Every structure is written in structure tokens, then in C-alpha cells.
Amino acid sequence: MQKTKLSHIIEIPIIKDEGFLCFAEENKHIPFPIKRFYYILDVDDGAIRGKHAHKETQQVLFCLRGSIKILLDNGSEKEEVFLDKPNQGIFLDKMMWHDMIDFKKDTLLLIIASDIYREEDYIRDYDNFISLIKTL
Ligand code: T46
């Protein structure tokens, strides 16, 4: 585990034989029981995704191909994290505002989540995020 200012990078095993194989297990490499995965690819040039925080959901985001920048914001500090290795994922804790920028044409993201999709878990308004952070 490699600490960053606001989070940490989770490094999962990578096995090389005639290719590369990476794996992760819940509660071991991924620090929560896994309820869902989703992936993001073929993102338009210049697009900014994310722009939200989660009330409860925790996630680990892997950049399997290409590269990406994640902008993290905990309400008082900000950090930019660059990802370009398929065996390194950034932990996205609950109540961490995150934006994803600088997608390459071939960028492929895999996100592992601690919960099923529930729109009620999203905070998509930044001012609302800041107000909620102040109540914690
Ligand atoms: C996150 C970042 C890293 C679903 O119906 N089910 C799902 O599991 C997901 C993830 C999304 N959706 C729907 C909700 C929206 O209508 O797909 C549409 C696009 O979602 P959104 O605009 O939230 O996508 P991103 O790329 O901004 O954010 C996604 C995740 O939604 C979010 O939880 O943390 O990736």
C-alpha cells in the first residue's frame, strides 16, 4: 500500500508468464466486501467524469489501459493522482469528492465498489458536499 496525501494506492499481485494476470480478493487486496464492478472506456476527448462524492460507497479504481488523472478533494484539501499501471488502484473512500480527467483514447477503467448502484448515495452538488462534510 502506497500512501498518497488524501488516500492510498492499492497494489495487487501481477503474475507474468505468457502474458500478465492480475487478481484481487475482497477484504484482502480490496478493503471491503465487493458488491459491484463497472468499467468505463471510450471516453470523449476532454471529458470530465465523476464530479461527485459518495455518502457510503467505497471504491477502488484501476486504470487497466491508458492513463488518467483523478482529482481528490476531502472538503479541505485537494490532490491529483496519476494512474497508468493495471495492478495499481486508487482507493476512493466515502465522502471523497472525485473528478476523472485527461482520459486517453485507449483508457479503460475498472471500478470495484462496496455497494450496488443507488443514486441516493451520490452527492452531485459541490456546495452540498461541503455542507455535509462540515456536519461530520
Ligand atoms: C464513480 C466514478 C468513479 C448505473 O446505472 N449503474 C452504475 O453502477 C453506475 C456506476 C452508473 N449508472 C448510471 C448512472 C448514470 O445515469 O450510469 C450513468 C453514468 O454515471 P455517472 O455519470 O455517475 O458516471 P461517472 O463516470 O461520472 O461516475 C462513475 C460512477 O457513477 C461513480 O460512482 O465513483 O465513476
Taking 0.36 nm per residue of sequence separation and subtracting the Cα-Cα distance, how much length would be gained by fully extending the chain between R65 and K78, in nm to one decimal? 2.2 nm
Based on the mean of other Cβ atoms within 10 Å per residue, sort peptides 20-30, 87-97 so the most packed one is first. 87-97, 20-30
Of the convex hull drawn through the C-alpha atoms of the chain, the volume per residue in Å³ is 112 Å³
Once you have a ≥ b ≥ c as the square roots of the Cα gyration tensor eigenvalues for segment 12-83, tell me rounded if a/c is under 1.5, and otherwise prolate or oblate according to whether a/b is larger than b/c. oblate
Consider a paramagnetic label point 7 Å from the Cα of M95 along Cα→Cβ; state which residues of segment 107-136 have an amide N under 19 Å from it. 114-115, 120-136
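Read-outs: derived from the displayed coordinates by stated rules, not from any lab. All values derive from a computational prediction rather than experimental measurement. Counting neighbours? That spans all protein chains shown, and the Cβs are built from the backbone with ideal geometry, glycine included.
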